[in-house]
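This report refers to the structure that appears directly beneath it.
The values are calculated or read from the model by the stated rules, or taken from the named source; none is laboratory data. Computed from a predicted structure; not experimentally measured. Note that each Cβ is placed from the backbone with ideal geometry, even for glycine, and that neighbours are counted across all protein chains shown.
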Amino acid sequence: MWLEAKQPFVKNMDLDRWPKLQELTPEYLKDRYPHVQIPVYHSGIEQGPVAYKKQYLAEYIDDIQSAQNHTRDPQDIYYLGESHDWVEALEIKQIFTDYIRPLLPRHAFALQTPFWLGPKGSKTGLHAEPDGWNFLCQFYGEKEVVLVSPAHAHLIPRSTRFDGGGKTALMDIWAPTQRENSPLLKETQPLVFHLKPGDILFIPRWWWHAARNTTTSIAFSYRVETIGSTFLNIPSLCLIALHNLGLYKNNNCTCHTPE
Ligand SMILES: [Zn+2]
């Protein structure tokens, strides 16, 4: 069946069928890949300060676990997100084949499978992306996701910060004072999903979204395209190329620590 949905929805994958994926916990990752070097970044870089640092995975997981029982200064919360290099080893392909593939056109392919691991309170700020089909799969812990239709995009004050060819909002939707004063929340009610292990959330192209982990959390995204949908991404791909050459929005982005 072709996925024609223009609205977000949640589908459940039966994690009981995947003993291997039930083992996908911070402890397991720490034991199996302690010396993988990972780039972690300030949580909420869409609106907040942008900073990256490299850590060993074991060291990062120790940090998460040591902070579990007390509240952290938001500036000290780092997130492992958009991580692509080593996730192949986690054998998540079957989830795509079983649960996502049947929803899609025949020629669709998973272009990227970014991995997300973060402590309670780690978050992404409000942003929108040009991905053809974006599926966020929750494996461990829980998160809250807010979604706003592109039909209400005019109510979102836009930031000039470059975000991989996507769009970023100026307002921090997680900051109560900014949220209460925003025209967006006065005029519309964003959709809110609370994801638990086994939930797959479909985020349609250019829907604005922000996610916040309410516990330590492990998730994957599948960003899926067809040849046709890839053509629609050409403007974004050109901007990424120009940005990486230092010719567009240098020092004003979510992908590099400012000089
Ligand atoms: Zn950058």
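Yes/no per residue for (1) of a type in the set (A, V, I, L, M); (2) part of a helix (DSSP H, G or I):
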residue	(1), (2)
146	yes, no
167	no, no
179	no, yes
186	no, yes
206	no, no
218	yes, no
231	no, yes
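Being of a type outside the set (Val, Ile, Thr), at pLDDT below 90 and more than 30 Å from residue 71 (Cα to Cα): is that true of residue 233 here? Criteria met by residue 233.
Considering 244, 250, the condition of being without any contact (Cβ under 8 Å) to a residue 24 or more places away in the chain, more than 30 Å from residue 140 (Cβ to Cβ), surrounded by 14 or more Cβ atoms within 10 Å (Cβ to Cβ) and within 16 Å of the ligand (Cβ to nearest atom) is satisfied by 250 alone. Scanning the range 241-259 for residues that are closer than 17 Å to residue 159 by Cβ and β-branched (Val, Ile, Thr) yields a single hit, 254. Taking the criterion of being in contact with an Asp or Glu (Cβ under 9 Å, 6 or more places away or on another chain), farther than 14 Å from residue 208 by Cα and polar (S, T, N, Q), the residues of the range 122-178 that qualify are 138, 178.
In the set (1) within 16 Å of the ligand (Cβ to nearest atom); (2) crowded, with 18+ Cβ neighbours inside 10 Å; (3) within 20 Å of the chain's Cα centre (by Cα); (4) of a type outside the set (Lys, Arg), the condition left unmet by residue 203 is number (1). Taking residue 226 as the residue in question, decide whether it is more than 30 Å from residue 142 (Cβ to Cβ), away from the ligand (no atom under 16 Å from the Cβ) and in contact with a His (Cβ under 7 Å, 6 or more places away or on another chain). Judged against the criteria, residue 226 is a match.
Against the numbered list (1) within 16 Å of the ligand (Cβ to nearest atom); (2) crowded, with 17+ Cβ neighbours inside 10 Å; (3) among the charged types (D, E, K, R), residue 212 comes up short only at (1). The set of residues from the range 45-92 being surrounded by 12 or more Cβ atoms within 10 Å (Cβ to Cβ) and among the basic types (Lys, Arg) comprises 53, 72.
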